[in-house]
Amino acid sequence: MAYYHILKERRTNLKLSIQDVSNQTRLAPQYIQAIEEHNLDVFSDDLSFVRYFVHAYSDAIGVNWQAISDEVDVDVNEFAHQRDMALTMAQRRMVEQMASVQKTKKTTKKKKKSSLGWFQKHVSRTSSSLNANQTKIIKMLVLIGIIGLGVLSLINVGLRSISNQKLATQQELREEQLSKKEQETNKLANQRKKAKEAQSLVVDKISGETNAFQLSNIQSDVKTLDLSITLPTKTKITLKKNDETINDTSKVYTGTFNQSLELSDDCTFEISIETYSDNSISIDGKEISFDKEGWKQGEPAVITLQIGKGYQKPVEEDETEYEDSDYDYDYDYGYTDENLYAQGEDVTYGQDEYTEQTNNY
C-alpha cells in the first residue's frame with residue numbers, strides 16, 4: 001500500500017478530519033489533502049517541503065516515518081524527474097516550431113521568386129551581375145537562419161544549465177533547512193517522550209513479598225487508576241481496598257474486567273482471581289506479572305497493590321501480646337512462724353525445716 005494511502009487510512013481509522021490534523025501539525029489543510037491524494041503539483045514550487053510535511057503528518061497520527069521515508073524520497077525524485085522531462089520536451093517543441101516558421105518563410109520566398117521568375121529572367125538578361133548578387137544574398141539569408149537556430153539552441157542550453165544550477169542550489173538549501181527542522185522535531189519528540197515517561201506510573205515489586213507491588217510516581221492530579229484483567233475463562237473476582245470489598249463478588253466475569261481504583265493516601269488494594277488461567281493484568285497500562293511460585297492450581301490468585309505506606313490494620317485496645325520472657329517469676333519457699341509474729345520477730349523456714357516441723361504435729 002502506498003504511503004499516502006496508509007496516511008489517509010490511519011487518519012480515518014482514528015476518526016480525525018483533515019482540519020484536526022491541520023490543527024495538530026500546523027500544516028495547511030490543502031497540503032494534507034494534496035498528500036493524501038498524491039497531488040504533488042501543489043508542491044511544484046519547492047518539492048523539498050514534501051518530505052518534511054509527510055514526516056510531520058506521520059508523527060501526528062502515529063505512522064512509523066522510518067518505514068515510509070524511502071518510498072517518499074523515491075516518489076519525490078521521480079516526480080521531479082518527470083517534471084524536468086516535461087520542461088525539456090516543451091523547450092524542444094518550441095525550437096522545432098521556430099525552425100518550422102523559418103522554413104515556412106523560405107518556402108514563401110521561393111514561391112514569390114517563382115511567380116516573379118519570368119520577370120527576373122528578363123531582368124537577368126539585362127544584368128547578369130545582379131543575379132549573382134541575389135544568389136549571394138539568398139545564401140547569406142539561409143546561413144543567417146541556420147546561425148540563428150544555433151544561437152537559440154545555445155541560449156536554450158544555457159538557460160537549462162542556469163535553471164538546473166538554481167534548482168540544485170535551492171534543493172541544497174531546502175535540504176539543509178529540512179535537516180534542521182527534522183532535528184528540532186526529533187528533539188521535541190524526545191522531550192515529550194521523556195516528560196511523558198517522567199509522569200507515568202512506576203510499578204515495583206516489594207522486596208521479600210510474593211505478588212505484592214508498590215505503586216509510585218503518581219501525579220497529584222491523578223485521582224483514580226484503571227485496572228484491567230483479561231479473563232480467558234469465566235471466574236469471580238474480589239477486589240478490596242483496605243480490607244473492604246469494592247466490587248460485586250457474586251457476579252461471574254468473562255472477557256475483560258475493568259475497574260477504576262479510587263486513590264487515597266497510604267491505601268492497599270487486594271485483587272483475588274478465583275480461577276487463574278494466565279490472565280493478563282495491567283494497571284494504567286503497566287503490566288503486572290503473577291508469580292506462580294507457592295501457588296497451586298485451583299487456588300485463587302491474589303495480588304496486592306500498595307500506595308504509599310499501605311493500609312495498616314488498627315489494633316484493638318484489648319488485644320495485647322504477651323511474651324513469657326517479659327516476666328520473671330520468683331518463688332520463696334520459706335514460711336513465717338505465726339507465733340514469732342506475735343513476739344514481734346520474723347522467722348523463715350526453709351523447705352526441709354518446714355517439712356520437719358509439720359511432721360512433729
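Summary of values
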item: Alpha carbon centroid spacing (whole Å) that separates segment 255-295 from segment 192-238; result: 8 Å
item: Computed accessible area, S216, all protein chains, 1.4 angstrom probe, square angstrom; result: 40 Å²
item: Subset of K194/K286; K205/K292; K223/K251; K240/K309; K240/K313; K205/K286 violating a 22 Å alpha-carbon distance limit; result: K223/K251
item: Sulfur and carbon atoms: percent of accessible area, segment 144-204 [1.4 Å]; result: 57 percent
item: Derived scalar couplings ³J(HN,Hα) [segment 234-248; Karplus, 6.51 cos²θ - 1.76 cosθ + 1.60; whole Hz; x for Gly, Pro]; result: 5, 7, 9, 10, 10, 10, 10, 10, 6, 6, 10, 5, 10, 9, 7
item: Loop-located GluC sites (Glu not before Pro) in segment 1-76, at most 13 other Cβ atoms within 10 Å (DSSP); result: E37
item: For I288, residues with placed amide H under 5 Å, excluding near neighbours; result: I281, S282, I283
item: Per residue value of the accessible surface for segment 1-108 (all protein chains in place, 1.4 Å probe), Å²; result: 61 Å²
item: Accessible surface of segment 3-61, 1.4 Å probe, proportion on carbon and sulfur as whole %; result: 43 percent
item: Segment 191-274, accessible area per residue, ligands and nucleic acids excluded (1.4 Å, Å²); result: 62 Å²
item: H55, H38, ranked by accessible area, largest first (probe 1.4 Å); result: H38, H55
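The values are calculated or read from the model by the stated rules, or taken from the named source; none is laboratory data. Predicted, not measured: the structure shown is a model, and the values here were computed from it. So basically every Cβ, Gly included, is an ideal-geometry build from the backbone, and we count neighbours across all protein chains shown. All accessible areas refer to the heavy atoms of the entire protein, side chains included, with ligands and DNA or RNA removed. Shrake-Rupley method; radii C 1.70, N 1.55, O 1.52, S 1.80 Å.
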